[in-house]
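One structure below.
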Amino acid sequence: MKELEQARILIIDDDANVRKSHEAVLKASGYEVDVAETGKEAIAKSRTKLYNLALVDLRLPDMDGIELLTSMREAVPKMVKIIMTGYPSQENAIEAVNRGADGYIVKPYSMEDLLRKIKEQLEKQQEAEKYSEEKVKEFIEARAEEHESRAAPKGKQKK
Amino acid sequence: MHATTRTPLLLVAAALLMLSFTAWRRRSVRGSKAFALLMLAVAEWVIAYAVTIMSVDLQSAVFWDRVQFFGVVSVPVAWLIFVSQYAGGRFEAWVRPRNVALLSIVPTAMLLLIWTDEAHGLFYSSINLTVAESFSILEYTFGPWFWVHTVYSYFLLLVGTFLLFHVFLRPSPLTYRRQSLVLLVGSLVPWVASMIQLYGLKELFPVLDPTPFLFAVAGLTMGWGLFRFGLLDIMPVARDSIVEYMSEGVVVVDARNRVVDMNPAAKRMFGYQSSELVGQEITKLLSNWPEMMKRSHDTGVVSEDMVVNQDQMPHYYESRIVPLRDGHGALSGFLVVMQDITERRRMEERLREAQRMAAIGETAAWVGHDLRNPLQGIAGATYLLKTTLGSMNPRANEMLKLIEDSIRYSDKIVNDLLEYSRELRLELSETNVKSITEDALGKVKIPKGIRVVNSTKNEPPMELDVEKMRRVFLNLIRNAVDAMPKGGTLTIASVRSGDNVHITFKDIGEGMATEALAKLWSPLYTTKTKGMGFGLAIAKRLVEAHGGSISVETELGKGSTFTVTLPMKTNPEEVKEK
């Protein structure tokens, strides 16, 4: 699981105490952590660096957290986005999921819960990544074989 | 040959018929029917008289003479009924079918005797017809019954006239005084005429009977009076009944502050009989009267709100004091008009309370949400400390766990606050009390020393919001458990009565003091050292949303019983109104 612990996480919350405490906890758990106070800052950071996971507060000073979900740069592998909010409602939960959120967690939550959720999501992401890597590999191999088998008769013909 | 006599008589008759018709069209006003009948009777009398004097043979003259009497006998009765109803109040109380029938005995007997005169001769003593140049005269001498009837008729007429006198003399607005004066003058016409007749009117009317003419004149005068001064439909009768039946209390006070009169509504408001109060000082009723009167002196009409305790309940009245002045502008008394505004006040209070609660709700939602961020900050920091510092220092670890407990508890308060301030929407489904109770019991950790007896029934089927009602039960169960820290028995039972089901939660715990009861249902109130303070407030709100109620019986040291009463079927419309 060494790879997992080196995952990069972006915390986006306007509350300094949340940012600081989460940064410390996640770093202590072995993750690489960046923080952003505003949506703008988060977008900028997502352009310069690839993140495996983003923790997004729903209420940000400059934009709606849900809006931010679709405006951050898409990365490969697909970035996991977890919404954290003190203002839960059925409406914003549904909208968050529709706009690509992978998790929704209501403040105040226990850090154990958050860490578990992050771990689960990252494992899932890794599996997906592995799976797609295997797929790519399989694809390339298949193409190569195809190519070889096609090339062989040609060669024969030439011969 | 008869034209000269006939024409004026028929014109008068036509005018009378018109009056009768007009009055009949306004028959919904008391007195109108009687007046219509009176005018009709006089018209019939005049017409029959006209035909009588135009008859050329004895037989037809006698016939029409008899026809005339239909009108003659009806006039006094109709007159008395009309005047009584016109006077109104206690004067018209006698006008009932039975009494009218009694009054009609003599006139009916009279008619019977006239039409059967040939057999007994009690009416006409002798008959003779003289055909004059322009009219015929039926001459007869009267039998004893004629005089009985005449005395009776004049008696009724006299009573009516006296009544009119009374109406004329009693205080009332100018229009009504004028009207009653005209009526009085009209009613006096036959009397004056009779006087004159006694002193030789015979010379003026040598041959003709003047009585029908006189009654016709009287009738026309009265008709003019009624319709000229405000018509029948605003007769004093109506005015009096307005005061009598209006819902506002009216008290008349004289210039020396003594109660002169009050209407039934005012009696009800003060809880007195008017006889007890008439002549008493108004201050007995209104303690702040001197001050109000003083203001009324300065500013005229004064309006003030006041409270009267009625059946232990405060009633609010808006009272207006109107100074009454006579024709010369001198103060003759006051009119106090009181309107019961208790219901309005209560509505206003309820509205204010609702607005206040809505404001609290909004603030609560806002505060609650905003508290979650700092709580999250604390939770994060505490976790970090716990994982780093806590593992080395057990005492620090204990303290950090305490902080985490407090965060969870704060979160619970926030959630309750939000729950309480949120708008309620019920999702009704069919269920029963037993199922909800079992559901709720499954969610509570019952301590060792506590025994739960659940004797709720799965009948009748009920329509409830299962999730919300479970929360109510849960709160009540938790309360009961918390009330018995030394152990005990919690008994939950349900019983149906009519369309309602009562569910009781009985504990044998500490019970509550009376002062605790008053605030029991308000949010943030708790007797527990560690309680949420919202449980009962939420329970009450949820139960009331179902159209039910919640109550408690308690005795210090013996325990409490909470009773939830729910209708079997929740009517969402009803709930909305609340």
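Some points to look at:
- Packing around the peptides A:126-136, B:437-447, taken as the average count of other Cβ atoms within 10 Å per residue, puts them in this order, highest first: B:437-447, A:126-136.
- Spin-label model distance (nm) - B:Lys569 vs B:Asp370, 7 Å beyond Cα toward Cβ: 4.7
- q = 0.16, 0.20 Å⁻¹, segment B:239-374: log10 I(q)/I(0) [Debye, one scatterer per Cα]: -0.85, -1.19
- Rg/Rg_ref, segment B:413-491, where Rg_ref = 2.2 N^0.38 Å and atoms are Cα: 1.22
- Comparing A:Glu120, A:Glu138, A:Glu23 in a Gaussian network model of chain A (Cα springs below 10 Å), the most mobile by mean-square fluctuation is A:Glu138.
- The stretch between B:Leu389 and B:Leu335, if pulled fully straight at 0.36 nm per residue, gains 10.9 nm over its current Cα-Cα span.
- Residues B:Val100 and B:Glu353, FRET efficiency given R0 of 60 Å [Cβ-Cβ distance, rounded to 0.05]: 0.55
- Averaged over peptide A:26-38, the number of partner chain Cβ atoms lying within 10 Å of each residue's Cβ comes to 1.
- Taking segment A:91-127 and a reference point 7 angstrom along Cα→Cβ of A:Glu138, the backbone N atoms nearer than 16 Å belong to A:127.
- Summarising the label geometry, the points placed 7 Å from Cα in the beta-carbon direction at A:Arg73 and B:Ala14 lie 11.1 nm from one another.
Every number in this text was worked out from the coordinates using simple rules, so none of it is lab data. The model shown is predicted, which means the values in this text are computed figures rather than measured ones. Positions of Cβ are backbone-derived with ideal geometry, glycine not excepted, and every protein chain shown enters the neighbour counts.
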